[in-house]
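**Student:** This is the structure, below, for whatever I ask next.
No lab work stands behind these numbers, since they all come straight from the coordinates. None of these values were measured; they are calculated from a predicted model. So basically every Cβ, Gly included, is an ideal-geometry build from the backbone, and we count neighbours across all protein chains shown.
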Ligand SMILES: [Fe+2]
Ligand SMILES: [Fe+2]
């Protein structure tokens, strides 16, 4: 099996029907995919990994099963161990060392991409003019997008070795072309 982005989308959509989770997967994919060039990663493999990281969440919605019980399904499908190990490493409770650029990038983009989407939902032009400063301000409001683990956002950027503002700006830019698909307003008439 060739570990392509499209193959990952097939697997993801076979197990995931909910639009919010699909949007989450697409958002993380956009950010991780954009980082592949910066860290000399295999973009296709990185995109596939990002799409797959929560593929089993609908069928395993608790941490005693997600993502560890998804791994055998991926193995069965023939995904490379590099992908499977990276998928497993995004879960803090498994305490797998994030010892590759792919693992660090996935972790750094997971919570942040969802948070950026949440910021975009409450703005008239979505994420078109969203600046790191306002994302950081919202991060300090615990009631806003309360499900997003702030500590993981901060630690993710730190482990990646990218300044938080730069990381936010990079991810916002990666998400912009996808705004309509993510259900965000784009500032265009209509
Ligand atoms: Fe997850
Ligand atoms: Fe996730």
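**Student:** Please state which one of 127, 116, 96, 168 is surrounded by 13 or more Cβ atoms within 10 Å (Cβ to Cβ), in contact (Cβ under 8 Å) with a residue 60 or more places away in the chain and out of contact with any strand residue (DSSP E or B) (no Cβ under 7 Å at 6 or more places or on another chain).
**Tutor:** Every option except 116 fails the conditions.
**Student:** Within the stretch 36-68, can you find the residues that are away from ligand 2 (no atom under 16 Å from the Cβ) and surrounded by fewer than 17 Cβ atoms within 10 Å (Cβ to Cβ)?
**Tutor:** First, pick out the residues of the stretch 36-68 that are away from ligand 2 (no atom under 16 Å from the Cβ): 36-45, 64.
Across the stretch 36-68, the qualifying residues are 37, 38, 39, 40, 42, 43, 64.
**Student:** List pairs: first residue in the stretch 172-187 and at positive phi, second residue assigned to a loop (DSSP other than H, G, I, E, B) anywhere in the structure, Cβ distance under 7 angstrom, at least six positions apart or on different chains.
**Tutor:** 187/125; 187/126; 187/128
**Student:** Only one of 16, 62, 4 is closer than 25 Å to residue 180 by Cβ and within 14 Å of ligand 1 (Cβ to nearest atom). Can you tell me which?
**Tutor:** 16
**Student:** Is it the case, given these coordinates, that residue 111 is surrounded by fewer than 16 Cβ atoms within 10 Å (Cβ to Cβ) and closer than 22 Å to residue 39 by Cβ?
**Tutor:** Considered against the rule, which asks whether it is surrounded by fewer than 16 Cβ atoms within 10 Å (Cβ to Cβ) and closer than 22 Å to residue 39 by Cβ, residue 111 comes out as no.
**Student:** Determine the pairs where a residue that is touching a residue at least 60 places away in the same chain (Cβ under 8 Å), located within the stretch 100-113, has a partner that is outside any helix (DSSP H, G or I) and surrounded by fewer than 22 Cβ atoms within 10 Å (Cβ to Cβ) with Cβ atoms under 7 Å apart, the partner being 6 or more residues away or on another chain.
**Tutor:** The qualifying pairs are 101/39; 101/41; 102/41; 105/39.
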